[in-house]
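Asks: My structure is below; once you've seen it, I'll send some questions.
Any read-out appearing in this document is the output of simple, stated calculations on the displayed coordinates, not a laboratory observation. Bear in mind that the values here come from a model prediction, so they are computed numbers and not experimental data. Here the Cβ positions follow ideal geometry from the backbone for every residue, glycine too, while neighbour counts run over all protein chains shown.
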Amino acid sequence: MGEKMPELAALLHALKERSGRSYAELAGRCGASASTLHRYCRGQILPDSYGMVERIALACGASKAELAELYRLWAQADAARLDAGRKPIAGDPLTPVPDPPPVPPSAADPAAGLAGAVPRPQDPASTSAVHGRRPALGGRRPMHFIALACVLAAVVIISVAASSPAGRTAGRSAPQRIPGPAWSQPPTAVAAGFYGVTINSSSGAMPTFRVGGVRLWDSGTLWSLLEPARDRFDWTTLDRLVGSARRANLPVLYTFGGTPQWAAPDAPLGPYPDGSRTAPPDDLKDWVRFVKAVATRYAGRIDAYELWAFAPSPHFYTGDAATLARMTQQAAAVIRRADPAATLVCPSIGNLWEPASQQFLRDFAAAGGYQVCDAAGVKLAPQHDGDTPESLVRLAAVIERTFHEAGVHPRLWSTGTVYRIPQDRKLDEAHAIAYAVRFYLIGMYVRYDRMYFYNWGGTKIPLVLQAVGGPPTSAALAVGTLQRWLAGARITSCGRGSPDGPPAQVWQCRFVLGGAAGRRPVQAVVLWTESGTAAVPADPGADTIRFLDGRSMPAPRTLRITEQPILITIRPGR
């Protein structure tokens, strides 16, 4: 089996012991029998795929470095197993060289597992082995002999390619090309509350451009600030913010987080100057009393509650998933009694590009956390500085797959971004406009119920919508324009690229506008590119182009699509 097998087994066994989980418990999480897992950890057998190794490791809480080391050990042991099973016959030119093992999805693109592993290039030695060596016979050969040799060589090449792991992977890696949009549905209303922003000010000021709702975080409303000592509350800031939002007719999402120092004195410090902690309170009764106080005071005034800001995170939540699930269940019971009409959003899971966060989500689901909420919170945030909004579609696919693995399919609210956001590069005006509008369009593309842009009021981020007391930026005004375009709209489909007609970099979503009060509905499509420009033919009956700066013009036969979305209306009856 190879010298690396004992090292692989030893590391798996060490992870299992560190986790404290039994073989039976791990078996339930990994889809294998307890006896098989025991044999893996004893080094008696090698898992057939790295995927099984990864599932065991993640169930045991392995780090990224440990996952990388496990893959290295498994790949070497698997290569040794292949060598043992395919020893070449000396001098046989038709014996193929084993292909290298496939790259695990978690070691490359987080979404790679959705489309199959990417095959690696063939080893040049493999090609030379298939072609064979120059025969010892001299002189010219009969043509029929040469033809026969060519046919045999071709058959061998095809057979080797089809039977090798790389050949099978290559067949799977090219998905079907299916014409049509990514999804379609009967016309469904786009809720006004879809276009949310997170308030980054305790002043009580609200956006002066059009938004659909506000989320309270980084607004002076942490638990530690509202309850500075046990059973002593200061509602001044939250009263001011809730009152301002109600006067502006903006639904409020209140976000819990920031355990007071007095409730968890030995827990890690959070990033805020108030001394708040990142762990759950030592006594969960303190949590229940605080939730009850908030829900009772603001019943009928706060529309929704996000039951924790961000997990798992060294900055916001360092407890385990089972404890957070208990906190969620306790909070849900209290809020349901105090305010039955309030919407409950389960704690937002962030950093979902990472396997550890994906496992936290699965553990939270296994503990029953999602059973008591109306929606699930996630952080639909870019992986890297400079990523386009369209990159979030890959993350949404990872999130959808993770929920599917967990066996739950909740409505989804995106409630924030990543901790590093103040360090990212500033956007110029044109890119800020394009990004802000496409952020919400991509939320429609991935079919989320709410999108909360982070943030409103702050200026230390790459894209500023409005500073407190200042005018809305061009990006904010463009977001307002998008909402006016789609006021009362019903969305029917979204798609992108050549499967949906336009060039690869073009994205589109289709809507039905109007139709109320006896007015005839109008078909419309919003089009944009992920980068650069593209020329596409207009739909039959295309009537008017609307631009984000408020301009409009008759639609030409050929449309010039850019990174800033445009709306095309289509005449009724076409």
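Asks: Please list, in order along the range 336-352, the HN-Hα scalar couplings obtained from phi with the Karplus expression 6.51 cos²θ - 1.76 cosθ + 1.60 (θ = phi - 60°), rounded to whole Hz, x for Gly and Pro.
Replies: 3J(HN,Hα) across the range 336-352, in whole Hz: 4, 6, 6, 8, x, 7, 5, 8, 9, 10, 4, x, 6, 8, x, 6, 6.
Asks: In whole angstrom, note down how far apart the Cα centers of the range 54-81 and the range 410-459 are.
Replies: 35
Asks: Going by average Cβ neighbours within 10 Å, how do the peptides 215-225, 319-329 rank, with the highest at the top?
Replies: 215-225, 319-329
Asks: Taking 32 Å as the cut-off for C-alpha to C-alpha distance, list the pairs among Lys285/Lys379; Lys64/Lys285; Lys16/Lys379 that go past it.
Replies: Violating the 32 Å Cα-Cα cut-off are Lys64/Lys285.
Asks: If packing is taken as the mean number of other Cβ atoms within 10 Å per residue, what is the order of 527-535, 339-347, 227-235, highest first?
Replies: 339-347, 527-535, 227-235
Asks: Limiting things to C-alpha atoms, what are the Rg and the maximum Cα-Cα separation (Dmax) for the range 493-570, in angstroms?
Replies: Gyration radius and largest Cα-Cα distance of the range 493-570: 12.5, 41 Å.
Asks: Which aspartates and glutamates does Lys426 reach when only Cα atoms under 14 Å apart count, and residues fewer than 8 places away in its own chain are ignored?
Replies: Asp385, Asp387
Asks: Report the local net charge at Glu390: Lys and Arg +1, Asp and Glu -1, summed over other residues whose C-beta lies under 10 Å from its C-beta.
Replies: Around Glu390, the charge tally is +1.
Asks: Also, I was wondering about something else. What are the equivalent ellipsoid semi-axes of the range 300-447, built from the alpha-carbon gyration tensor (square roots of five times its eigenvalues), in whole angstrom, biggest first?
Replies: 27, 18, 14
Asks: Let me ask something else. Magnitude of the Cβ-charge dipole of the range 193-485, K/R +1 and D/E -1, about the Cα centre, nearest 20 debye?
Replies: I would put it at about 720 debye.
Asks: Grab the other residues whose beta carbon is less than 12 angstrom from that of Ala476, score K and R as +1, D and E as -1, and report the net.
Replies: After counting each charged neighbour, the total is 0.
Asks: A further question on this structure: Compute the signed sum of charges (Lys and Arg +1, Asp and Glu -1) over the other residues within less than 15 Å, Cβ to Cβ, of Glu66.
Replies: Result for the neighbourhood of Glu66: 0.
Asks: Same structure, new question: Could you go through the range 396-403 in sequence order and give the Karplus-derived ³J(HN,Hα) for each residue, using 6.51 cos²θ - 1.76 cosθ + 1.60 with θ = phi - 60°, rounded to whole Hz, and x for Gly and Pro?
Replies: 4, 5, 4, 5, 4, 5, 5, 4
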